[in-house]
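Reviewing the structure listed below.
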Amino acid sequence: MANPKHHKVIVRECQSVDRLSMLSSHLLRRADIALIGLAVMGQNLILNMNDHGYVVCAFNRTVEKVDRFLENEAKGTKIIGAKSMKEMVATLKKPRRVMMLVKAGPAVDDFIEMLLPLLEAGDIIIDGGNSEYKDSNRRSKYLESKGLLFVGSGVSGGEDGARYGPSLMPGGSEKAWVHIKPIFQSIAAKVGKEPCCDWVGEDGAGHFVKMVHNGIEYGDMQLSAPLIFVDNYLGQITALVIIFGLGLGSGWFPFTELPWNLPVAPGICVGPPPNFDAPVHQLLICEAYHLMKSALGMSPDEMSKVFEEWNKGELDSFLIEITKDILAFKDSDGTPLVEKIRDSAGQKGTGKWTAISALEYGMPVTLIGESVFARCLSSLQSERVSASKELKGPSKTKYSGDKKEFIEHIRQALYASKIVSYAQGFMLMREAAKEFGWKLNFGGIALMWRGGCIIRSAFLGNIKEAFMKNPNLQNLLLDDFFKAAIHKCQDSWRTVVAAAVTLGIPTPAFSTALAFYDGYRSARLPANLIQAQRDYFGAHTYELLNEEGKFVHTNWTGHGGSVSSSTYQA
């Protein structure tokens with residue numbers, strides 16, 4: 001009589017042989033690309049690729065997720081699954097293309113190490129997560145030493161973008177581009193017939209550009225208003241969350257599952273799931289909202305109509321459009337939902353990275369910095385509530401002039417500040433390109449942002465044209481189109497900032513944007529006094545206007561020595 005244990009071993013071996021046989025006949029070298037990470041973003045990218053005719057092998061460290069995905073969302077498609085990384089690699093055509101959508105940080109390095117013994121020279125590893133660009137720089141060089149090609153790609157647009165067309169910003173080994181270009185450009189968002197995806201540059205350039213994208217988004221939202229669009233969908237309250245936090249983003253979520261601890265504007269607070277795109281333009285929009293609400297006493301319905309009109313002109317953008325919807329939305333009791341949302345924001349992502357990078361490279365990216373600090377201030381909610389009872393402001397808090405005229409002033413201030421926001425973002429990218437030797441196509445980057453991402457707007461077409469006319473453009477503010485736009489808007493811009501200061505309404509984004517513009521157009525700034533002070537107390541020396549390159553020290557008190565140097569710089 002056969003040993004039952006022996007019988008079980010034989011059955012398992014037969015099952016294993018059958019599975020390998022199936023792989024050999026049906027799956028081996030069949031998949032165009034593999035994707036690791038089956039959270040919603042990963043699933044939606046896979047479904048997007050499938051829709052465009054590509055065979056995708058899905059893998060997740062928790063293999064049960066693979067089965068659930070194949071039995072549900074991927075049922076009836078050409079998508080295949082793998083139970084192990086070895087099995088996954090065996091399904092791939094050469095050169096093998098493996099994309100990861102996993103949590104940024106050590107998890108990415110862990111998967112790379114697991115893939116190394118399974119891949120061959122010329123195979124491609126793609127990190128589509130929200131990784132820091134310095135990590136992508138390191139990984140690119142490391143994998144190059146192993147004979148593999150690395151791509152670090154920014155992916156913008158949240159769940160919906162991943163499913164139907166994201167903005168993709170790939171960078172890394174340019175040799176990989178020819179092998180991933182057809183897939184990436186087919187699944188990317190389109191504006192006309194142009195895909196919102198092109199090669200960005202070497203090493204971590206893709207993730208750097210995505211980081212700047214997120215930083216710009218921060219400022220835009222600060223300049224405008226709350227960004228939660230609520231809908232009664234299939235009988236369940238859901239919310240489209242466009243968070244103004246770092247490393248977050250957009251998507252539809254059950255309203256009851258939202259963590260109500262992240263603010264999007266004064267009096268507004270929501271929270272998104274991790275690993276989403278985040279938002280400078282948010283800050284700008286919030287300030288426009290705050291001025292209309294506090295200075296003009298406008299209702300959410302009135303403000304919604306204003307944003308609707310603005311979206312028909314030069315401010316046409318995704319953020320303006322959804323702000324209109326949010327302000328018009330009513331809670332179940334018929335009152336504006338936006339008025340019931342808390343105003344305390346958290347931070348945990350790329351906005352902070354962008355501000356830190358600006359400091360590292362000595363670039364005055366002031367709008368993004370203010371956007372980050374505005375969140376910090378909003379998080380001090382209990383302190384602010386206490387301070388509001390103790391600290392007095394101006395006696396006049398309402399605007400007494402023409403309401404319609406002031407709304408137009410706000411619109412122009414918002415437009416001018418947006419121009420500065422983009423100008424600063426492209427300044428930072430240009431400096432990083434110099435630092436790392438990246439050949440960034442700035443016009444192409446503007447095109448990538450025109451669709452599939454939170455900061456998409458008609459505005460980006462003008463940026464593309466500016467860099468097409470002059471690829472070496474030093475600053476967007478010097479382009480004829482933007483120079484004329486700022487000139488047209490600046491009187492209104494100054495009126496708004498002055499009124500906000502007079503009425504005690506905080507507008508850090510509008511104010512810092514204007515201060516940057518005035519500083520950038522100044523032939524001389526008071527830094528000469530700073531240099532004299534530094535030399536006085538620390539003998540740091542200073543450079544004379546008519547003797548460039550020569551640094552001297554002055555005995556300011558008569559008690560010290562007198563030295564000069566042509567080499568020392570503090």
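The values are calculated or read from the model by the stated rules, or taken from the named source; none is laboratory data. Note that the structure is a prediction, hence the values are computed from the model and not measured. Every residue, glycine among them, receives a Cβ derived from its backbone with ideal geometry; neighbour counts consider all protein chains shown.
Results, tabulated for the structure shown:
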| item | result |
| --- | --- |
| Residue that is in contact with a strand residue (DSSP E or B) (Cβ under 7 Å, 6 or more places away or on another chain) and surrounded by fewer than 24 Cβ atoms within 10 Å (Cβ to Cβ), where the choices are H207, H213, H179 | H179 |
| Test for T62: is it surrounded by fewer than 21 Cβ atoms within 10 Å (Cβ to Cβ) and either of a type outside the set (A, V, I, L, M) or within 23 Å of K181 (Cβ to Cβ) (or both) | yes |
| Candidates R96, R68, filtered to the one that is modelled with pLDDT of 95 or more, farther than 21 Å from G157 by Cβ, charged (D, E, K, R) and surrounded by 19 or more Cβ atoms within 10 Å (Cβ to Cβ) | R96 |
| Which numbered condition A74 fails, given (1) in a helix (DSSP H, G or I); (2) modelled with pLDDT of 95 or more; (3) of a type outside the set (D, E); (4) within 31 Å of the chain's Cα centre (by Cα) | (1) |
| Complete set of residues in region 429-478 that are farther than 23 Å from L319 by Cβ and acidic (D, E) | E431, E435 |
| Among the candidates I125, I79, residue that is under 29 Å from I356 (Cβ atoms) and surrounded by 14 or more Cβ atoms within 10 Å (Cβ to Cβ) | I125 |
| Qualifying residue in region 486-501 (condition: among the aliphatic types (A, V, I, L, M), within 21 Å of the chain's Cα centre (by Cα) and more than 30 Å from K392 (Cβ to Cβ)) | no |
| Total residues in region 483-508, condition over 29 Å from L473 (Cβ atoms), β-branched (V, I, T) and in contact with a Ser or Thr (Cβ under 7 Å, 6 or more places away or on another chain) | 1 |
| Single residue of L460, L514, L476 found to be under 15 Å from G443 (Cβ atoms), crowded, with 21+ Cβ neighbours inside 10 Å and modelled with pLDDT of 95 or more | L476 |
| Residue match in region 487-502 (condition: in contact with a strand residue (DSSP E or B) (Cβ under 8 Å, 6 or more places away or on another chain) and at pLDDT 95 or above) | no |
| Qualifying residues in region 122-160 (those that are assigned to a helix (DSSP H, G or I) and of a type in the set (F, W, Y)) - the one farthest from W199 (Cα to Cα) | Y142 |
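Yes/no per residue for (1) touching a strand residue (DSSP E or B) at 6+ places or on another chain (Cβ under 9 Å); (2) buried (at least 22 other Cβ atoms within 10 Å of the Cβ); (3) not β-branched (V, I, T):
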| residue | (1), (2), (3) |
| --- | --- |
| D402 | no, no, yes |
| E405 | no, no, yes |
| V420 | no, yes, no |
| E431 | no, no, yes |
| E435 | no, no, yes |
| K439 | yes, no, yes |
| I455 | yes, yes, no |
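Per-residue answers, yes or no, for (1) out of contact with any helix residue (DSSP H, G or I) (no Cβ under 8 Å at 6 or more places or on another chain); (2) over 16 Å from Y218 (Cα atoms); (3) modelled with pLDDT under 90:
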{"position": "D325", "(1), (2), (3)": "no, yes, no"}
{"position": "T335", "(1), (2), (3)": "yes, yes, no"}
{"position": "R342", "(1), (2), (3)": "no, yes, yes"}
{"position": "V365", "(1), (2), (3)": "no, no, no"}
{"position": "C376", "(1), (2), (3)": "yes, no, yes"}
